[in-house]
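To keep things clear, I will list the structure first and then write my remarks on it.
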Amino acid sequence: MALLEKPGEVVTREALRNRLWPSDTHVNYDANVNTTVNKLRLVLGDSPDQPVFVDTIPRKGYSFVAAIEYLDQPASQQNQVPEEKSSAVGESVARRIKSSLLRAALSSKWFAAGVISLVLAGMLFGAALMLYSHRGI
């Protein structure tokens, strides 16, 4: 969200730390910011060597470098998003990313295999419970 709210701008590591963890949280912030950005890159299919979405700005922070398209605005107004709308727009973009990732997961053959496996495991567990309950009578 922090990166999407300021596309093309540098979001400092400190700003990310403040956004991700409350001030009273005691964690290794540097390692956790790195891990969090790496997980974001993994989800987006991005690479730190050739960034398409998230660029590392050495010793400063990160920048969201992909072009952002607002589906609810004409192209001429896309760069003129008022400040109060920026977080709502960021949330909308994040929701769309999550939605597209969910659609990709649902269409995956591995997801289908997992669902079928869970259904079969449930049926076997139910059959085992029935056999066990009838055996005790």
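Regarding residue 57, is this residue touching a residue at least 60 places away in the same chain (Cβ under 8 Å) and open to solvent by less than 60 Å² (accessible area, probe 1.4 Å)? Let's see the steps before the verdict.
Working: touching a residue at least 60 places away in the same chain (Cβ under 8 Å): no; open to solvent by less than 60 Å² (accessible area, probe 1.4 Å): yes.
Judged against the criteria, residue 57 is not a match.
Could you grab the pairs with beta carbons closer than 6 Å, sequence gap of 6+ or different chains, first residue in segment 5-17 and of a type in the set (A, V, I, L, M), second one part of a strand (DSSP E or B)?
Pairs that qualify, where the first residue is of a type in the set (A, V, I, L, M) and the partner is part of a strand (DSSP E or B), are 10/57; 10/61; 10/63; 11/61; 11/62.
Listed here are the residues, each with its yes/no results for (1) modelled with pLDDT of 85 or more; (2) over 30 Å from residue 17 (Cα atoms); (3) assigned to a helix (DSSP H, G or I).
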residue: 52; (1), (2), (3): yes, no, no
residue: 62; (1), (2), (3): yes, no, no
residue: 88; (1), (2), (3): no, no, yes
residue: 101; (1), (2), (3): no, no, yes
residue: 121; (1), (2), (3): yes, yes, yes
residue: 124; (1), (2), (3): yes, yes, yes
residue: 129; (1), (2), (3): yes, yes, yes
residue: 132; (1), (2), (3): no, yes, yes
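Scanning for something surrounded by fewer than 12 Cβ atoms within 10 Å (Cβ to Cβ), more than 15 Å from the chain's Cα centre (by Cα) and outside any loop (DSSP other than H, G, I, E, B), does segment 25-36 turn up at least one residue? Even if it seems obvious, please write down each step before you answer.
As a first pass, look at segment 25-36 and keep what is surrounded by fewer than 12 Cβ atoms within 10 Å (Cβ to Cβ): 25-28, 30-31, 35.
From what is left, the residues that are more than 15 Å from the chain's Cα centre (by Cα) are 25-28, 30-31.
Of the ones still in play, those that are also outside any loop (DSSP other than H, G, I, E, B) are 30-31.
So far as segment 25-36 goes, yes, one or more of its residues are surrounded by fewer than 12 Cβ atoms within 10 Å (Cβ to Cβ), more than 15 Å from the chain's Cα centre (by Cα) and outside any loop (DSSP other than H, G, I, E, B).
The values are calculated or read from the model by the stated rules, or taken from the named source; none is laboratory data. Being a predicted model, the structure only gives us computed values, none of them experimental. Don't worry about glycine lacking a Cβ; one is built from the backbone with ideal geometry, like all the others, and counts go over all protein chains shown. Side chains are part of the model used for accessible areas, which takes the heavy atoms of the whole protein and leaves out ligands, DNA and RNA. Shrake-Rupley method; radii C 1.70, N 1.55, O 1.52, S 1.80 Å.
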